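As structure tokens, the structure follows; a few thoughts come after it.
The values are calculated or read from the model by the stated rules, or taken from the named source; none is laboratory data. The structure presented is a predicted model; accordingly, all values stated were derived computationally and were not measured. Neighbour counts run over all protein chains shown; Cβ positions are idealised from the backbone, glycine included. Heads up: the accessible areas ignore ligands, DNA and RNA and are worked out on the full protein's heavy atoms, side chains in. Shrake-Rupley method; radii C 1.70, N 1.55, O 1.52, S 1.80 Å.
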Amino acid sequence: MGKPGSTLKNETYTYYEFIIGVSFLFLGGKNMIPNLDMTQWWSWIVCIVLLILGIFFLVKFSDLFVDASASIAKRFHISEMIIGLTIVAFGTSCPELAVSVSDSITCLLEGGNANVAIGNVVGSNICNLLIVLGCSAIFTPILIKKSVCKKEYPILLFVTALLVIFGLCFSLNGSYAILRWEGIVFIVLIIVYAIYLVLDAKRMMKQGLEVEMEQQVELMPTWKSIVFVVLGLAGIAVGGEAVVYGAKNAAVGIGDLANLNHDLVESLVGLTVVAVGTSLPELVTSIVAAKKGQNDMALGNVIGSNIFNILFVLGIAGAINPLTVGPQIVVDLAVMLLATLFIFLFAFLGKIDRKRGIVLIACYTGYLIYLICRTVI
């Protein structure tokens, strides 16, 4: 990408040249892949296919990577509790990480704003709070423990507020930005948070309290675990590249056809299509947990995911390259913060019932309408 509002490279590529470029993905790096000429009908099909396949790769290969990594950790006699609180927790943020890091590297090499990287995290967090919890509450009311209001949720509020402060109070070249030092701060905080999770879980076990885990670790043969880890990482990397490539080219194509601002279109795609796609693991996990009556796990899944998205995903992506974004991020960050406070209010009331779940979905629908209007008007 060039400067904000500019188009991708204007060279015209044939279908065959594009296929040749894709074949050199791992040989010559991402710059070997030509940007699509969005005046060609097949370019739109390629973008759609890449988005669908990319999201599929992210979801499936993240599961593969987590299962294999957990098996290796168990081979070294690491407890399932620690595996669940670290490897599994980090693994569920792999889709967001792959997309944001890929966009960060793209901006490092080609310039432009990281609208997909930041939009993916902000949009994913909004989707988790409004869509994931809303859909889960429709199946069964989400009962909220008082301990959540005292421990986990205040951490999420702090991390969300910190992202808003970092995103709006510091700039780079006249754009709002997550600077490299801010990314490093996020990385330090996620390490501290992971240590806190493990120590807190051990304290609860000593007191005879139950520590709820999301999965039992299956022990695989060592060779199989190693192969699956490598395949999982490769699949996540390819999926992230495919999603960012398809999203950015589609955004440029829509912007050119409708004479719209490319930054706004990229932001719309990142906040909606990419964000919802990378939130599919959280959506499925929370709905299944709610249907099984494990409704408190649905909220815990969302809280943990949102904390990891901000600290882990934006931390690594921002440390690689400062993430600049257009002025539209002000409203998006405000919506994320308000949604977090909104759920905190429900938490104090004790539960999120079906009516409140419908309210959450209606709020997301209103936000989606705003995003569309912001982009086209």
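Things worth noting here:
- Between region 171-207 and region 340-377, the alpha-carbon center distance in angstrom: 26 Å
- Kirkwood hydrodynamic radius of region 124-246, Cα pairs, Å: 18.9 Å
- Links that overshoot a 30 Å alpha carbon limit, given the list K202/K351; K150/K248; K60/K145; K145/K224; K151/K206; K145/K248: K150/K248; K60/K145; K145/K224; K145/K248
- Accessible surface calculations at 1.4 Å, restricted to protein heavy atoms, place region 86-149 at 24 Å² per residue.
- The calculated FRET efficiency for the pair C373 and L168, based on their C-beta separation and a Förster distance of 25 Å, comes to about 0.65.
- Residue separation of C149 and L338 scaled by 0.36 nm, minus their Cα-Cα distance, works out to 66.4 nm of gained length.
- Ranked order, I377, I254, I126 - accessible area, probe 1.4 Å, largest first: I377, I254, I126
- Separation in nanometres of the label points that stand 7 Å from Cα toward Cβ, at N259 and A161: 4.6 nm
- Formal net charge of residues neighbouring I320 (Cβ-Cβ distance under 13 Å; K, R +1; D, E -1): -1
- Accessible-area ranking of V276, V229, V132, largest first, probe 1.4 Å: V276, V229, V132
- Solvent-accessible area assigned to carbon and sulfur over region 217-287 amounts to 75 percent, based on a 1.4 Å probe.
- Heavy atoms of the protein chains alone define the surface here; on that basis region 160-279 has 48 Å² accessible area per residue at 1.4 Å probe size.
- Phi to ³J(HN,Hα) by Karplus 6.51 cos²θ - 1.76 cosθ + 1.60 over region 137-145, Hz, x for Gly, Pro: 5, 5, 6, 7, x, 8, 7, 10, 6
- Of C169, C94, C363, the residue with the largest accessible area leads and the full order is C169, C363, C94 (1.4 Å probe).
- Computed over region 62-185, the quotient of the alpha carbon radius of gyration and 2.2 N^0.38 Å is 1.29.
- FRET efficiency for the V198 to W41 pair, using the beta carbon distance and R₀ = 51 Å, is estimated at 0.45.
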